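Structure record follows, encoded as structure tokens.
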Amino acid sequence: MNMQPDKQKVIEQTLNWIREVVIKCNFCPFAAKEVKRNSIHYEVIMQADRNAAVEAFLRECKRLDADAAIETTLLIFPQSFGGFKEYLELVKFVERAVRKNGYEGVYQVATFHPDYFFAGAPMDDAANFTNRSIYPMLHILRESSIEAVLEKYAEPERIPEANMRFAREHGAAYMKMLRDSCL
């Protein structure tokens, strides 16, 4: 029997991942504030091909345009884009849609996937867990908010290297256990 998770369960699991991995590991030093403010919109798309996913992405950009109370959106695909190469193809089309629809410099896309790995990195490198989420997802961020936060943060360029160091110090088995515990 193929059990389909419900959207609320997917959101709860994603929020667990944000709290237990992203915030506790300090992968994003700005996430805790937005979780506390309840300013993250979670949009779950159960089934989508690439075109439907790009349309959903553009709908979320319009939602952000219309509602300043939403700081950021996570577009979650629990049953689509399971293959990392397929997901990267989606990312290319989304980035093209950003440019084509006048959102360049307005929104930025951060990428998260269960099988994420950095170009040139071995698959088993614990540092890949800095972007390994429980579901394939696209994180839509407001460029203006990123710029404002980074102005107040000392040496923001060091965030990725600190994240990778943390993951490597704890090891891939620990990082996988931590992530998987959110399901």
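For this structure, a couple of remarks:
- Listed by chain and number, the lysines placed with their C-alpha closer than 24 angstrom to that of LYS92 are LYS62, LYS100; residues fewer than eight positions away on the same chain are left out.
- Cα centre as origin, Lys/Arg/Asp/Glu Cβ charges: the chain dipole, Debye: 200 debye
- What the phi angles of segment 52-60 give under the Karplus curve with 6.51, -1.76 and 1.60, with θ = phi - 60°, is a coupling list of 5, 5, 5, 4, 5, 4, 5, 4, 5 Hz, glycine and proline written as x.
- Projected label distance in nm at HIS170 and ALA110, using a 7 Å step from Cα toward the beta-carbon: 1.5 nm
- Computed over segment 7-180, the P(r) tail beyond 20 angstrom holds 53 percent of alpha carbon pairs.
- The distance between label points at ALA52 and ALA119 comes to 3.1 nm (points 7 Å beyond Cα on the Cα→Cβ vector).
- The 3J(HN,Hα) values that the Karplus relation (6.51, -1.76, 1.60; θ = phi - 60°) gives for segment 32-48 are, in residue order, 4, 4, 6, 5, 4, 6, 6, 9, 9, 9, 10, 10, 9, 10, 5, 10, 7 Hz. Gly and Pro appear as x.
A short reminder: the numbers here are calculations on the coordinates, not readings from a lab. Just so you know, these numbers come straight off a predicted model, no measurement behind them. Note that each Cβ is placed from the backbone with ideal geometry, even for glycine, and that neighbours are counted across all protein chains shown.
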